[in-house]
Amino acid sequence: AIRAMFSFNVPQVAVPLSLWFLSAFFKPHYQETFSQFPLLFVFGEAGAGKTTSVLKLRRLFAMDDVSLKSISDVTQFSLMAACNSSNMIPLILDEYKPMMMKETQSQLVSRLIRGAYNSSRGERGTAQQEIVAYYYRAPIVLLGEQSIIETAVQHRVIEVQLTRQYINKIPKELFDALDDVKLESIGKMFLT
């Protein structure tokens with residue numbers, strides 16, 4: 001399983017992706033010690049294997065569903081609720097396209113990156129006139145075709161670029177091997 005995790009793509013892709021997903025198991029400890037945890041930003045051309053690679057590695061958490069949230073479909077409050085749902089299981093947000101997004105969506109992503117990096121607190125009022133606190137606790141994975149353009153948030157993410165050239169350099173059976181191994185058992189070992 002470990003060999004498959006580190007050989008499914010070229011080293012500059014497989015190593016940071018696998019290590020980030022493995023480190024997500026320790027996010028509560030990182031937060032306690034350093035008060036910060038970087039987001040994973042996977043970008044590259046269409047067809048480079050971004051979504052498939054991330055979903056395969058997400059199986060470490062015994063999650064093989066394909067429930068991806070498009071960044072253009074979330075609101076500030078739905079995003080806060082999703083980020084508050086777990087402090088270890090990655091939340092995957094797809095379709096980050098800063099040049100095609102409205103200004104409000106772009107600002108939402110910027111606040112998300114800042115908030116998730118520091119596990120900030122957000123608040124929302126309820127119909128009963130109460131304030132509910134939400135925390136940006138979940139490890140966040142952003143998928144897109146363009147790199148992050150806002151320099152103020154670039155140091156808060158680990159960027160991994162995928163290209164179709166990388167896929168052609170690796171035999172397909174190494175990529176498919178991630179489906180055959182029980183990544184859940186590795187995840188369970190880390191969790192234990």
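Here are the numbers for the structure shown:
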{"item": "All helices (runs of 4 or more DSSP H) inside segment 1-120 with 3 or more residues being farther than 30 Å from Y166 by Cα", "result": "27-34, 76-83, 103-118"}
{"item": "Pair list, Cβ < 7 Å and 6+ apart or interchain, from segment 158-177 residues that are touching a residue at least 60 places away in the same chain (Cβ under 8 Å) to residues that are open to solvent by 70 Å² or more (accessible area, probe 1.4 Å)", "result": "T163/E45; R164/E45"}
{"item": "Residue match in segment 138-159 (condition: hydroxyl-bearing (S, T, Y) and open to solvent by less than 20 Å² (accessible area, probe 1.4 Å))", "result": "no"}
{"item": "Answer residue from segment 143-176, given it is aliphatic (A, V, I, L, M) and over 30 Å from P28 (Cα atoms) and is nearest to the chain's Cα centre (by Cα) among those", "result": "I167"}
{"item": "So K102, is it among the basic types (K, R), touching a residue at least 40 places away in the same chain (Cβ under 8 Å) and closer than 22 Å to F43 by Cβ", "result": "no"}
{"item": "Complete set of residues in segment 162-174 that are crowded, with 16+ Cβ neighbours inside 10 Å and touching a Ser or Thr at 6+ places or on another chain (Cβ under 9 Å)", "result": "L162, I170"}
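Let's see how each residue does on (1) without any contact (Cβ under 8 Å) to a residue 24 or more places away in the chain; (2) within 23 Å of K97 (Cβ to Cβ); (3) of a type outside the set (F, W, Y); (4) surrounded by 17 or more Cβ atoms within 10 Å (Cβ to Cβ):
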| residue | (1), (2), (3), (4) |
| --- | --- |
| P16 | no, yes, yes, no |
| S23 | yes, no, yes, yes |
| G44 | no, yes, yes, yes |
| A48 | no, yes, yes, yes |
| S53 | no, yes, yes, yes |
| R58 | no, yes, yes, yes |
| D64 | yes, no, yes, no |
| I71 | no, yes, yes, yes |
| S78 | yes, yes, yes, no |
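The values are calculated or read from the model by the stated rules, or taken from the named source; none is laboratory data. Computed from a predicted model, the values in this text were never measured in an experiment. No Cβ is skipped: glycine too gets one built from the backbone with ideal geometry, and neighbour counts run over all protein chains shown. Only protein heavy atoms, including side chains, enter the accessible area calculation; ligands, DNA and RNA are left aside. Shrake-Rupley method; radii C 1.70, N 1.55, O 1.52, S 1.80 Å.
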